[in-house]
1. If I ask for residues that are over 14 Å from Leu27 (Cα atoms) and either surrounded by 14 or more Cβ atoms within 10 Å (Cβ to Cβ) or within 17 Å of the chain's Cα centre (by Cα) (or both), which ones from the range 67-90 would you list?
2. Output yes when any residue across the range 37-56 is over 16 Å from the mean Cα position of the chain (by Cα) and not in a loop (DSSP other than H, G, I, E, B), and no when none is.
3. If the requirement is being touching a Ser or Thr at 6+ places or on another chain (Cβ under 6 Å) and surrounded by fewer than 24 Cβ atoms within 10 Å (Cβ to Cβ), which of these qualifies: His100, His117?
4. Out of all the residues in the range 211-245, which are of a type in the set (Asp, Glu) and either touching a Phe, Trp or Tyr at 6+ places or on another chain (Cβ under 9 Å) or farther than 20 Å from Asp35 by Cα (or both)?
5. If Asp63 satisfies all but one of (1) crowded, with 17+ Cβ neighbours inside 10 Å; (2) of a type outside the set (Lys, Arg); (3) out of contact with any Gly (no Cβ under 6 Å at 6 or more places or on another chain), what's the number of the condition it fails?
6. Only one of Arg140, Arg176, Arg162 is surrounded by 15 or more Cβ atoms within 10 Å (Cβ to Cβ), touching a strand residue (DSSP E or B) at 6+ places or on another chain (Cβ under 9 Å) and of a type in the set (Lys, Arg); which?
7. Of all residues in the range 231-252, which are exposed (fewer than 12 other Cβ atoms within 10 Å of the Cβ) and in a helix (DSSP H, G or I)?
8. Considering only the range 229-248, how many residues are touching a residue at least 40 places away in the same chain (Cβ under 8 Å) and either within 16 Å of Ser171 (Cα to Cα) or in contact with a strand residue (DSSP E or B) (Cβ under 6 Å, 6 or more places away or on another chain) (or both)?
Amino acid sequence: MTTSTLKQTAPFGEDMSDGEWQARVDLAACYRVVDYFGMSELIRTHISARVPGTAHVFLMKPDGLLFEEVTASSLVKLDVDGNVIGDPAQRVNKAGFTIHSAVHMARADAQCVLHVHTRDGTAVSAQKDGLLPLSQHSARFHGDIGYHDYEGIALDLDERERLIAHLGGHSVLMLRNHGLLTVGRSMAEAFNRAYYLELACQVQIAAQASGAELIYLPQDVCERTATQVREFGPLGERDWPALLRLLDRQSSDYRH
């Protein structure tokens, strides 16, 4: 995982690993970057990160914080049964827990899970055919999107089984009539997927709104594009340091 550098200064016990602190800093940065690019929704939607060296322990923002308020030390650590590890007064959004715990339970490769309710992403999720092969942005996701039908606000833990089944081995899950979800081996990778998925959705909505006849990319071109993107190496690795510099020019308080 591409990392930022900061010596731990938060008031945690000395038993916190360097890996966990770094995950906290990067996750707080991811919240801030998502907000910067207009992909947040008040205190709703969430990003989570697995605590390094653990199987099913992860970090999420506490319920009630805006993305722009999240810091490394404010994140809640909990397990997939919903047990908070640390301050018992900390709470997370119940629907967010259902969705994120499902992925962390099933996908050992999911260091980061990112879920948003963007306008265009949600609009595309409400279309029967989902993401269409209309742009280079959409082609990069060819064969890597699962679809999960809306069941209401995700408060029932039994929905986790269906979320896991519909995500399968994909890196993207389009939550029908709801929003977008991406997973990554790092915060950088999950954000990169979410950013370009949202761009693909924006292009689709704009193209459809034009009323012009649409040109669909051939399947073989989509396959080639998706392969080319995978061959570039870890997604977002080169973007992430630049994004951290962008944040630090505004404020570095997310690191604390």
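Taken together, the values in this text are just the output of simple stated rules run on the coordinates, not laboratory data. What you are looking at is a predicted structure, and each value in this text was computed from that prediction instead of being measured. Here Cβ is always computed from backbone atoms with ideal geometry, including for glycine, and neighbour counts include all displayed protein chains.
1. So the first thing to find is which residues in the range 67-90 are over 14 Å from Leu27 (Cα atoms), and the list is 78-90.
Leu78, Asp79, Val80, Val84, Ile85, Gln90 - these are the residues of the range 67-90 that are over 14 Å from Leu27 (Cα atoms) and either surrounded by 14 or more Cβ atoms within 10 Å (Cβ to Cβ) or within 17 Å of the chain's Cα centre (by Cα) (or both).
2. No, the range 37-56 contains no residue that is over 16 Å from the mean Cα position of the chain (by Cα) and not in a loop (DSSP other than H, G, I, E, B).
3. Numbers: His100 fails: surrounded by fewer than 24 Cβ atoms within 10 Å (Cβ to Cβ).
Of the residues listed, the single one that is touching a Ser or Thr at 6+ places or on another chain (Cβ under 6 Å) and surrounded by fewer than 24 Cβ atoms within 10 Å (Cβ to Cβ) is His117.
4. Applying the first criterion (of a type in the set (Asp, Glu)) to the range 211-245 yields 213, 220, 223, 231, 237, 239.
Across the range 211-245, the qualifying residues are Glu213, Asp220, Glu223, Glu231, Asp239.
5. (1)
6. Among Arg140, Arg176, Arg162, only Arg176 is surrounded by 15 or more Cβ atoms within 10 Å (Cβ to Cβ), touching a strand residue (DSSP E or B) at 6+ places or on another chain (Cβ under 9 Å) and of a type in the set (Lys, Arg).
7. Here is the first cut: in the range 231-252, the residues exposed (fewer than 12 other Cβ atoms within 10 Å of the Cβ) are 231-233, 242, 245, 249-251.
Within the range 231-252, Glu231, Ala242, Arg245, Arg249, Gln250 meet the criteria.
8. Narrowing the range 229-248 to residues touching a residue at least 40 places away in the same chain (Cβ under 8 Å): 229, 234-237, 239-241, 243-244, 246-247.
Filter once more, keeping what is either within 16 Å of Ser171 (Cα to Cα) or in contact with a strand residue (DSSP E or B) (Cβ under 6 Å, 6 or more places away or on another chain) (or both): 229, 234-236.
Residues that pass the stated criteria total 4.
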